[in-house]
Amino acid sequence: MAHRYRPGISLVGLLYLIIGVFVAFDRDYIDAALLRRVGSALLAIFLWFLILLGVDLHIHT
């Protein structure tokens, strides 16, 4: 019986990333302004066709 390779992240890897994000946020490597910029960038990447139609995808407070 052949086992197929299943790409993905393990539970340990996910926990490692979550703790890393928490530590970076706690030590001010990540702040609310950075999260807004990253969020706007991700929206622009996934919804690029709306930008071409003139929609503003910037996240404002």
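The values are calculated or read from the model by the stated rules, or taken from the named source; none is laboratory data. The shown structure was predicted, so the numbers you read here are calculated from the model rather than taken from an experiment. Cβ sites come from the backbone with ideal geometry, for glycine too, and all protein chains shown count toward neighbours. Quick note on the areas: whole protein, heavy atoms, side chains included, nothing else; ligands and nucleic acids left out. Shrake-Rupley method; radii C 1.70, N 1.55, O 1.52, S 1.80 Å.
Sort ARG27, ARG6 from largest to smallest accessible area, using a 1.4 Å probe on the heavy atoms of the protein chains.
I get ARG6, ARG27, largest accessible area first.
Among the chymotrypsin sites (Phe, Trp or Tyr not before Pro) within the chain, which fall in a DSSP loop and have no more than 11 other Cβ atoms within 10 Å of their own Cβ?
Working: sites: TYR5, TYR16, PHE22, PHE25, TYR29, PHE46, TRP48, PHE49; in loops: TYR5, TYR29.
Listed in order of number, the matching sites are TYR5, TYR29.
Relative to the present Cα-Cα distance, how much length would full extension add between LEU34 and LEU52 at 0.36 nm per residue of separation?
Full extension of this stretch gives 4.1 nm more.
If each DSSP helix of 4+ residues adds -39,500 (n - 2.57) and the sum is divided by the residues in the chain, what number results at 222 nm, nearest 500 deg cm²/dmol?
Mean residue ellipticity at 222 nm (helix-derived): -18500 deg cm²/dmol.
Hey, could you get me the Stokes-Einstein D for the range 11-54, Kirkwood radius over alpha-carbon pairs, 25 °C and 0.890 mPa s, rounded to whole µm² s⁻¹?
Numbers: Rh = 12.3 Å.
For these conditions, the coefficient is 200 µm²/s.
How large is the accessible surface of ILE30 in square angstrom, using a 1.4 angstrom probe and rounding to the nearest 10?
It works out to around 30 Å².
Could you tell me what percent of the accessible area of the range 17-61 is made up of carbon and sulfur, with a 1.4 Å probe and every protein chain present?
Roughly 72 percent, rounded to a whole number.
Hey, what's the chain come to in accessible area per residue, 1.4 Å probe, Å²?
It amounts to 98 Å² per residue over the chain.
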